[in-house]
Each structure stands twice: as C-alpha cells, then as structure tokens.
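One structure follows; several queries about it will come next.
The values are calculated or read from the model by the stated rules, or taken from the named source; none is laboratory data. Everything numeric here is computed off the predicted structure, so don't read it as measured data. When we count neighbours, we look across all protein chains shown, and the Cβ atoms used for this are built from the backbone with ideal geometry, even at glycine. All accessible areas refer to the heavy atoms of the entire protein, side chains included, with ligands and DNA or RNA removed. Shrake-Rupley method; radii C 1.70, N 1.55, O 1.52, S 1.80 Å.
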Amino acid sequence: MASDTILQIALAGPLRTLFDYLPPKDCSHHPSLGCRFQIPFGRSSRTGILVAVKRQSNIATNRLKRALIQLDAIPLLDESDLRLLHWAAGYYQHPLGDVIFHALPGNLRKGRPLSIIKPNGLCLTATGKHVSHETLSRAPKQLALIQALSEVPGGVEKSILRERYGISPAVVRSLLEKEWIEPCQVQESPHTIETPADKITLNSEQQNAVDQVCQHLGQFKPFLLHGVTGSGKTEVYLRLLEAVVARHQQALVLVPEIGLTPQLLQRFRETMGSSVVVLHSALSDGERERVWQAVRQSEKPILVGTRSAVFTPMPNLGLIIVDEEHDLSYKQQEGFRYSARDLSLVRGQQYDCPVILGSATPSLESIRNADDGRYTQLSLSRRVANAQMPQLHLLDIRSVHLDGGLSPALIKQLGQTLASGEQALLFLNRRGYAPMLTCHACGWLTDCPRCDARMTHHRQQRLLWCHHCGHQRRVPDSCPDCGSPDLRPLGQGTERIEESLLHYFPNTPLARIDRDSTSRKGSLEKLLNQVKSGQFPLLLGTQMLAKGHHFPSVTLVAILDVDHGLFGADFRASERMAQLILQVAGRAGRAERPGKVLIQTRHPDHPLMQLLTSKGYEAFASEALEERRMATFPPYSHQVLLRAESTKASDPEAFLTQAIEIGRALPGANRVDFWGPVPAPMERRAGKTRAHLLIQSAQRQPLHLWLAEWIPEITQLPTSRRVRWSIDVDPQEML
Ligand code: ADP
Ligand code: ZN
Ligand code: ZN
C-alpha cells in the first residue's frame, strides 16, 4: 500500500472512478484542492482536477504514476465551489469529474492556462495630454478619442470607447504607436448610473417584496416572488441588486435564455452599468473565461446568466435571483442533467443568502413549497400603472371551418384591432409551413426514416425537416409511393399562418418571429426593436415571442392551438400549457389600453382550461396540485428516470429488466416503486430504439440512499455496455 502524499484526481467524461497519482517531481506549488494537473493516462496525458489529498492508496506505491505538472498555482475553484459540485454529483448521480469540468469555462477544461487579464481601458500618456487638438483637425476619429480620454483622468473602458464613441481598433492602434495613449486598468463605472430623479416609485406590493428580502440579506431564505405579468418584477430585482451591491456583495441572476429577454438585460444595464456581466452560450471561449474570472475575482458584482452560470465562483455571493423559475430551460436535458433552479437553493444555503424564485406562473413544485411554508411567498397581484390584466376567452372551434388555421371569429377580431390602430400578436408553437405533407392519392406521409415522427414541411427552404433528429431532404415533386403529384400540407406551422394573414390583411406589415426567421446573428434583436417601434401591427411567432417582452401597443393576443397540451402523455402537460397561455397572454394590454386574449380550442369544456380562464392561475394550480396528490405524482413523490437506447431493438429492454432485478435485491428497495420498462413515448429516434424505467418513491431520502447503491451496480452490468443509458433525477420531461 502506498503511503505518501497522494493526489486524488477527477477527470471529465463518463468515468465514475477517481484516480490516484503521486505529486509531480520538483513541484514548487502546494497541491491545493481545485487545482488542475496534467496526468499520464493510458498512452497519452489528460487534464484532471485535484479533489482530495490522501495519505494512502489501494494501489502499491511502485505502481502509482506521478502527475506530470501542476497547471494552476492557485485553485480555480475554492472549497465552497467544490462543496456545491460534490453535492450536485451526489444528488444527480453524475460522475464528479464531469460535474467539475462542466463548471469550468471551455478554455480551462481543455487544460489551457488561466489567461492573464489584459488591461480593460485606455488613458492618455503625458505626451498625449499635451497634444494640441488643432493638429488633429484632419483626423476627426483620433481627435474624438483624445477628447473622450481627456475628459476622464482615470481612463475609459475599451468597450465604452467602441460602443459609445464608435472608436475603431485602427484608430486606437495609431495613437498607441504615437505613444499618446496607453493601456490601463480602469475602475468600474459607477454602479448606479440612473439619477435618483429617473427612478420609478415602487408600489406598495413591490416595496413590501423589496423590504422583506432586504431584512434577510446575510442569511439563507427562499422566497417565491409570484407576480402577474406586467407587475414590475424586474424593478424589484433591481432594487435588491442595488442593496446587495451597497453591501459590497455579489448577486447571481439566472434567466432562461438571454436572447429572449433582451429587455431585462437592457434595464439592468441602464441602471447598473458595467457592474453587470453576462454569461451565455453564444459567447466565445475567451469571452466566457474573462467574465468567469471577473466574477470569481469579485471585480464584477452582478452576474446574469443562463443555467450553467449557477456554478460560477462568486466569493462574495449575497443574493440569487431565478427569473421565470418555472422555465424548462433550467433543467439540462442531456449529459449532466441538473436543475439550475434547484441548485441555486442549495447554493443559497451554502452561502447564507436569500434566493428569490420569480414567476408569473410558478411551477407547481414551488407553489407547494410556498404553501407548506418552506418558501416565503411575495405577491405582486396587480399590474403597474393601472394596466388591467387581460381577459381570457375560449374560442370554440369544434364545428368551425378553419381557413389556414384561423377561425372566422378570430379574423373578425383581428380586423377590428388593426382598424383601431392597435397591435395583434398570434402565437403558434410550431415553426415551418406544416407539420407534415401527405399524398392525396394514397395517404403517404412524410415519415422520418430515423424516428417515429413526421418531417415538417419548410416551404420557403423547400425542405422536409425532422425536428427530432435533424434529418433533412428536399421536398419531392411527387409521391414516392404512388407517383401522384398531389402532395398537400396537413396542419399549420408559422409559415402557413403567415401566408393566411397576408391573404386577409395584405397591406398590414407583419413580423414573423421563430427560429427560422431569426437564425442570423442579431436578427432577433433587430426585429424586436422594429416591433417595439410599432412598425408591425401584426406579430406572429413561437415561444420566442412569449416570454418577457414588453410590447405596449399589443391589445389582442391569439393562441392558435392549445389542445395538444390538454391531453399530452406527460403528467406535466397541463401545467406547461397553462404557463404558456398566461405567458403569451401576458403580452396583451400592458399599457393604458386593455388587452384581450383569444384561445382557439376544440375542448372548451375541459375543466382545467375552464378554471384557468375563469379563475386564473392560482385556482388552476391548486386543482392541478390536487390531481397530482391523488395520483401521487411529483411534488407528492420523487422520481428518477433511467433511459436506455440502442440500435439493436431488444437491448434497451434487456438492460432495464436486469437493472430492475438487481435494484429489487438492494436494501431499501421496498421503499421504491418500479414502473417499466416501457418503450419511450417516441420509441424510435435518430435510428435508435429507446426504452424507459421510471422509479418513484414517496420520500426523497430513501430513494437517494437506494440510488447511490444501485448506480454502481448497473454500471457493472454486461448489458449496460450494449446500450447508451442515462440517469435523470427529478426528470422534467418523459421524452
Ligand atoms: P414583469 O417582469 O413583472 O412582467 P416588468 O418588470 O417588465 O414586469 O414591468 C413592466 C413595466 O412597468 C416596465 O416598463 C417597468 O419599467 C414598469 N414599472 C415597473 N414598476 C413600476 C412602477 N412602480 N411604476 C410605474 N412603472 C413601473
Ligand atoms: Zn401517394
Ligand atoms: Zn427524425
């Protein structure tokens, strides 16, 4: 047995084992937890991270290899960061190394050195200060730069010079060469740039929410901020951020998707200036790392980010806000399947800080937590500035002829709205022209060859496109089965609705907003700005239009198809449908003119739908929770989903059957129920056959104890090698 200083190293990837190494030769650094090491591995070398230092190893000293080098002199992650990652690895039963590497920016995952932060600003040199401005009369850009810098002795951030003064890198280079300017580290711009006079006066509900949270700064306390759409949640967040910054602490704000909430970010920037930094998936590796470092070194107090930002080291963390907490994007659906919302609560507990979950339509889980007193509920029940909540109306389309997806009643209302100079928004969560094409002669359908699904018809691109596996082909001229040229679209997508609207309102400018119409970088922002400036009386779009936007002149919202949500296979389908309806509806009537929402449905008598439209979300939620309680579904039980897929049809089920067998034999198995194996709702996808095993327990603790025993066992099963399997703790989608 080895007995010395032994490094226990975790690696990225699916391996659940940690690896023992001796410290590198001639290492001058202290081997601290959270430092990366380059280690020999098989025939090559890899980057790993130190998670423990031990005295003893199960491997004999003479067989232990030495780490090659220690890559970091100081740890990338400190003790509290590692504590969260250990917790997450245990809870989600995901390999520790993979969890840790997931938390690092790409460059650092690849073993690159932590980059030295370049000075962020420019200032005048002694010579530069005395340059006579007349000598630059022929070079207006250079003059502009000199003037901008001469106004601020401490220097100006490069980003501000670029964005606000339009200074190009070439101009900077030429003045650097003349040695009139030099790089320097610029002090952060003042935290609050808004003058007190511009400040909105909070209403009493907003003020109460701010006060309650402020009383608990410095201690862990979860809040559910349930504020109807347009109730001014963002303003509450801003006041809290100011309070946290005034205490010299940091705040983490999680948002579902940056591109879809440009207004929230814009408002944060207006108020908090460059104190705000942003982490999201569209950043380059270099940009990510800079933001990550700035926050980790406490240079920047406020981080706004999408789900993986929950892992960013923030040594002075004093507040966590999760906006739109019900949003599905907080759950990672592949690889390391964590919930950033749930982890933010763990993190708040570890850092003794308040955590605010905000939403107009909170998840049923959070509502139950508030009902049980685990979360403190803060309500914003009114819209700000006397704006009324929109009225919801169900449009019965059972025996109505739909023209291109639009009912006559809807067309009439659209006409009235447009005639009175107001904006209308139509929502359909399906892009493309039609969900499928069919042959009118023989009934052939555009089945995807690799999935149990149809290929969507994208007419503008002349494509058939499977939205599940990405498979594409050109639209055929005639039916591949019978040769008939009579191929017709079935059902509607946004492209087809656009066509109908152009037919009925040929002279009304229309903006269609979906993934296809906004695929070019910056095009979404541009479209949204045009929409806000009133250029488009008609708006049509998918989810991208549903969230967070503040379109003051929209008075009519139409939801074209909700029925799939009422009868979805997933027990969460009705919850998701209700959330979506209210989010979309929330775009209506946000200013002086009241809003109206029309929902086309073939099931106007559905009880949950009735409840939602007549009594509102809270009534809906309590009824839906009651149904869950009766059926012992979450949040009244806890679930884990084991998924398996393989190109060989019988393998997944064989593996899952064995997994049940060994699971039943383990201690504590009497406290868990096994449901399955069953074919996945989409049994074939991307050429693979897929099956599920759902495990459920009334209590979390016994389920997790049992799970920790079970996972190592199933890893050993010979059948596990023949499938791709994954474990999903608290699954949100049963796909
Ligand atoms: P939510 O996020 O709750 O849907 P927002 O935060 O987007 O609502 O607020 C809607 C609008 O109301 C914004 O333009 C915001 O500036 C404004 N607003 C917020 N609070 C107030 C207030 N107390 N008085 C007047 N306007 C307000
Ligand atoms: Zn045919
Ligand atoms: Zn497919």
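Please identify the pairs in which a residue from segment 131-144 that is among the basic types (Lys, Arg) has its Cβ atom under 6 Å from the Cβ atom of a residue that is open to solvent by less than 100 Å² (accessible area, probe 1.4 Å) and in a helix (DSSP H, G or I), counting only partners at least 6 apart or on another chain.
The qualifying pairs are Lys141/Val171.
Sticking with this one: Kindly establish whether Leu345 is open to solvent by less than 30 Å² (accessible area, probe 1.4 Å), more than 16 Å from ligand 3 (Cβ to nearest atom), aliphatic (A, V, I, L, M) and assigned by TED's automatic domain parsing to the domain that holds Arg602.
Here the answer is no, as Leu345 does not meet what is asked.
Hey, can you tell me all the residues within segment 568-587 that are touching a residue at least 12 places away in the same chain (Cβ under 8 Å) and either surrounded by fewer than 18 Cβ atoms within 10 Å (Cβ to Cβ) or assigned by TED's automatic domain parsing to the domain that holds Arg267 (or both)?
Scanning segment 568-587 gives Ala569, Asp570, Phe571.
If you check Gln413 against the conditions, is it away from ligand 1 (no atom under 16 Å from the Cβ), open to solvent by 10 Å² or more (accessible area, probe 1.4 Å) and assigned to a helix (DSSP H, G or I)? Explain how you work it out, then say what you get.
Details: away from ligand 1 (no atom under 16 Å from the Cβ): yes; open to solvent by 10 Å² or more (accessible area, probe 1.4 Å): yes; assigned to a helix (DSSP H, G or I): yes.
Yes.
From Ser379, Ser399, grab the single residue that is over 22 Å from the mean Cα position of the chain (by Cα), away from ligand 3 (no atom under 16 Å from the Cβ) and part of a strand (DSSP E or B).
Answer to the check: Ser379.
For segment 255-350, give me every one of the strands (runs of 3 or more DSSP E) that falls completely inside it and has 3 or more residues that are within 28 Å of Val729 (Cβ to Cβ).
302-305, 317-323
Does Gly421 meet the test of being away from ligand 3 (no atom under 16 Å from the Cβ), assigned to a loop (DSSP other than H, G, I, E, B), modelled with pLDDT under 95 and on the phi > 0 side of the Ramachandran plot?
Yes.
Given the residues Gly432, Gly470, Gly421, which is the only one that is surrounded by fewer than 19 Cβ atoms within 10 Å (Cβ to Cβ), more than 16 Å from ligand 1 (Cβ to nearest atom) and within 26 Å of Val557 (Cα to Cα)?
Gly421
Answer with yes or no whether Gln333 is open to solvent by less than 20 Å² (accessible area, probe 1.4 Å) and among the polar types (S, T, N, Q). Even if it seems obvious, please write down each step before you answer.
On the way: open to solvent by less than 20 Å² (accessible area, probe 1.4 Å): no; among the polar types (S, T, N, Q): yes.
Criteria not met by Gln333.
Here is a follow-up. Which of the residues belonging to segment 677-696 are surrounded by 17 or more Cβ atoms within 10 Å (Cβ to Cβ) and either more than 16 Å from Ser646 (Cβ to Cβ) or within 16 Å of ligand 2 (Cβ to nearest atom) (or both)?
Once the filter is applied, which keeps residues that are surrounded by 17 or more Cβ atoms within 10 Å (Cβ to Cβ) and either more than 16 Å from Ser646 (Cβ to Cβ) or within 16 Å of ligand 2 (Cβ to nearest atom) (or both), segment 677-696 yields Leu694, Ile695, Gln696.
Counting only residues that are closer than 23 Å to Arg685 by Cα and within 11 Å of ligand 2 (Cβ to nearest atom), give me the strands (runs of 3 or more DSSP E) lying completely in segment 432-488 with at least 2 of them.
Filter on segment 432-488 gives 436-439.
Let me ask something else. Does Ser57 fit the bill of being polar (S, T, N, Q), modelled with pLDDT under 95 and open to solvent by less than 50 Å² (accessible area, probe 1.4 Å)?
Yes: the conditions hold for Ser57.
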